[in-house]
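Here it is: the structure, laid out below.
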Amino acid sequence: MSNKRKTCLLLLCFGVLLYGTYLGLIPLLDPDEPVYGETAKEMLLTGDWLSPRIYGEFWYDKPPLFYWLEAISFKLFGLSTWSARLPSVLATLITSIYLYCSSISLIGEKRARYGAFIFTSALEIIILARSAVTDATLMLSLTIALMSFLKKQYKTAYIACGLALLAKGPIGFAFPALIVALWMILSRKFTWKNIMSLHWTWGIPLACLIGLPWFIYMGIIHGAPFIDTFLGYHNITRFVAPEHAGKDHIWMYLVVLAAGFFPWVAAIPAIFASIRKWMHKEVMLYLMVWAGFIFMFFSLSSTQLFSYILPMYPALSLLAGCAVADMEESGAVPLYVEISHAFFFLLVVAALGLAPIMPDGGPAVKIGILIMMTGLGTISVLALARRRFFLFRTAQYLSAAALILSVWILFASSVSHSFTSYAIGSRLHRELPSGSSVYIDSFYRPSIAFYQNIYGHPLPEYSADKQQNARTNASEGVYLPGDSTNLRIPSGSYILVQKKSFARWPEEQKKDLHLLWQEDTACFFIKGGKPIEVNEK
């Protein structure tokens, strides 16, 4: 077996270990994962694979590629937590192997191998590979597109752009175009001849042939509600105006990157130290533009989620692989790399120790996990300081595996009760009287619909800001299932609400409510009437 095939097999096995182990142990995390799962479920149940729905209403949030993949997974393997996450696992595994194979001719086999293993073991990659969200499919399509442009494989590049359009929308076209253009400008290749050599005259129509038919169909069938909601709200408004006011900060992705690139964060200073040297190398400049552009774009966006910068990780990982290989070959590890590596390892161990959640088995198990992580970190730091790079890399891979598997297995119960509403939905399913009217908090509603087939009514938002947003959306033709400006809940209705949301309700809205039970983060009330006797846990 060739070295290339061995590396691909190792990447596959390592990725399956990190992404696939106990994939269904923790239920879908609220609120995003259940939204995608429920939409794919309804796509399969209705037989309508073109017009996404949630709660029986049309849903114009995202293009359909990830919904299609999830629905196919449900069709093949049944409706479950792990089958909802399977498309992300496969997309990330393919990205890892493709990144290695496609970069060998560009940066050499060793650097490509190091970069691919760094990519596979980065914390944010692992988390989103294990999540039923669209980011992994977008990352895969953009990685193929951007690597193919660099390798002058234009047919593949434009096909991938079309798929990226179906994965996330306009950025599937915009990101490759802007990144390639910026690279050409910085490398002084932005001439008409080089622009024409990109074969865009037939490439763009090819990409449009793949990506545009669904958008045209939706525009024809659904008209203004789709155009105003998908293009106007989800792609323009969310970039220029924050979806979550007060939570957007230009420095946010510095924090995300410091955590998400664990255990390889110390490679980032080494990358910065190499910028001047790499600026004159076309491939390295391309990778720097790729990573830097995506980082800056979302840092300037008004709506920020930690997953948005995921498409920068393939390029960043290759840069990190080159930096590690350069240090290995020269035998010179700058002191700031050693110090930053030790610092970020201690930071992660401290964060794990201070986290309020407790693993099954209690404090003793948590102390054992901390000792294990500290030991692996110590080995990694000492190996780097003594220039024993094979041991350093091995300790790094084991650290990533130990951290993620500890969280997904030993902390599974705590995470499930703190970050999912599965237990809440199960109790609601057992104890909600048949035929009753129930109003469900928008945070819980997707999960309860997915797991329990209870759809209920959207619970009104009593926040003045959210009420104003709902009125603005309605006036602008933006259609968001669950948006409600009706604040009246009929007497005799049941109410499931987050404890923290209920604490902020106006006092007049809390009148005539009888608490029936509390479960994890939720309260369950009946409005008016005599409360039903319910056994508390």
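The values are calculated or read from the model by the stated rules, or taken from the named source; none is laboratory data. Since the structure is predicted, the reported quantities are computational estimates derived from the model, not experimental observations. Every residue, glycine as well, gets a Cβ built from its backbone with ideal geometry; the counts of neighbours run over all protein chains shown. Accessible surface areas use protein heavy atoms only, side chains included; no ligands, DNA or RNA. Shrake-Rupley method; radii C 1.70, N 1.55, O 1.52, S 1.80 Å.
When only alpha-carbon atoms count, how far does the chain stretch along each of its three principal axes, as whole angstroms with the largest first?
77, 61, 43
Oh, and also: Considering only the chain, what is the antiparallel percent among its DSSP beta bridges, to the nearest 5?
Of all bridge pairs located within the chain, approximately 70 percent are antiparallel.
Which FRET efficiency value, to the nearest 0.05, is calculated for residue 330 and residue 188 with the Förster distance at 30 angstrom and r the Cβ-Cβ distance?
Here the calculated transfer efficiency is 0.55.
Which order do 156, 39 take by accessible area at a 1.4 Å probe, largest first?
Sorted by accessible area, descending: 156, 39.
Leaving ligands, DNA and RNA out of it, report the carbon-plus-sulfur percent of the accessible area of the chain at a 1.4 Å probe.
66 percent
Using 1/(1 + (r/R0)^6) with R0 = 25 angstrom and r between the beta carbons of residue 418 and residue 507, what's the FRET efficiency to the nearest 0.05?
Efficiency, rounded to the nearest 0.05: 0.30.
Just reorder 206, 254 by solvent-accessible area, largest first, 1.4 Å probe, all chains present.
254, 206
Another question about this same structure. For the range 254-285, list residues with backbone N below 20 Å from a point placed 7 Å from the Cα of residue 338 toward its Cβ?
Residues 264-274 fall inside that zone.
Take the range 352-403, drop everything but the C-alpha atoms, weight them equally and run the Debye formula without solvent; then report log10 I(q)/I(0) at 0.21, 0.22, 0.29, 0.31 Å⁻¹ to two decimals.
These q points yield log10 I(q)/I(0) values of -0.72, -0.76, -1.03, -1.11.
What is the spin-label model distance, in nm, from residue 255 to residue 13 if the labels are put 7 Å beyond Cα along the C-beta direction?
Result for the modelled spin labels: 4.0 nm.
A further question on this structure: Taking only Cα atoms, what is the 0 to 90° angle, nearest 10, from helix 282-300's long axis to the longest principal axis of the chain?
Here the helix axis deviates by roughly 20 degrees.
Using a Förster distance of 25 Å, how high is the FRET efficiency between residue 499 and residue 360, based on the Cβ-Cβ distance and rounded to 0.05?
E(calc), rounded to 0.05, equals 0.55.
So, for the chain, what is the accessible surface per residue at a probe of 1.4 Å, expressed in square angstrom?
Accessible area per residue: 43 Å².
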